[in-house]
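The values are calculated or read from the model by the stated rules, or taken from the named source; none is laboratory data. All values reported here derive from a predicted model rather than from experimental measurement. Note that each Cβ is placed from the backbone with ideal geometry, even for glycine, and that neighbours are counted across all protein chains shown.
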């Protein structure tokens, strides 16, 4: 075990599908308590690249808030932007749609689910960092649903 851990402290440099470099250091949830990657990997990325992107997992209510409240002050990070990722599927589930019904058009449920996203946006805005909402698009998402979410995000 000690031999494995000795090597585990070294970040791995990998290549994304878009041919850009990325560090993998203990996985995206190496520090499970706050749901972010290691400070060591972030500092190395900031030294070696023009930009560094990190994932703060567990949603904006846990990962992002812990990243801003714990990781940033401790490491001295000052993020330039935040990307909040949403899916139509998750928004429908937050609106009360059962898993078996997620493939059906349901703008009323989507509208109800958007309240959850709006709360996350409200929470992230408290940190004073520019925010972008990204919508992960899946084949089952309809144009009507996508337009509905985008219109609400523009408000």
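The table below lists the values:
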| quantity | calculated |
| --- | --- |
| Scan of the range 136-154 for residues that are assigned to a loop (DSSP other than H, G, I, E, B), touching a helix residue (DSSP H, G or I) at 6+ places or on another chain (Cβ under 9 Å) and farther than 14 Å from residue 86 by Cβ, ordered by number | 140, 142 |
| Odd one out for residue 125 among (1) within 29 Å of residue 52 (Cα to Cα); (2) in contact (Cβ under 8 Å) with a residue 40 or more places away in the chain | (2) |
| Count - residues of the range 119-135 that are part of a helix (DSSP H, G or I) and either outside the structural domain of residue 151 (by TED's automatic domain parsing) or surrounded by 14 or more Cβ atoms within 10 Å (Cβ to Cβ) (or both) | 4 |
| Test for residue 71: is it exposed (fewer than 12 other Cβ atoms within 10 Å of the Cβ), modelled with pLDDT of 80 or more and either over 30 Å from residue 118 (Cβ atoms) or not assigned by TED's automatic domain parsing to the domain that holds residue 84 (or both) | no |
| Residue satisfying all of: in the range 103-117; touching a helix residue (DSSP H, G or I) at 6+ places or on another chain (Cβ under 8 Å) and surrounded by fewer than 16 Cβ atoms within 10 Å (Cβ to Cβ); farthest from residue 78 (Cα to Cα) among these | 105 |
| Residues of the range 68-102 that turn out to be touching a helix residue (DSSP H, G or I) at 6+ places or on another chain (Cβ under 6 Å), more than 30 Å from residue 39 (Cα to Cα) and assigned to a helix (DSSP H, G or I), as a count | 4 |
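For every residue, the table says whether it meets (1) surrounded by fewer than 16 Cβ atoms within 10 Å (Cβ to Cβ); (2) at pLDDT below 70; (3) touching a helix residue (DSSP H, G or I) at 6+ places or on another chain (Cβ under 8 Å); (4) in a loop (DSSP other than H, G, I, E, B).
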residue	(1), (2), (3), (4)
7	yes, no, no, no
10	yes, no, no, yes
14	yes, no, no, no
19	yes, no, no, yes
23	no, no, yes, no
27	yes, yes, no, yes
42	no, no, yes, no
45	no, no, no, no
50	yes, no, no, yes
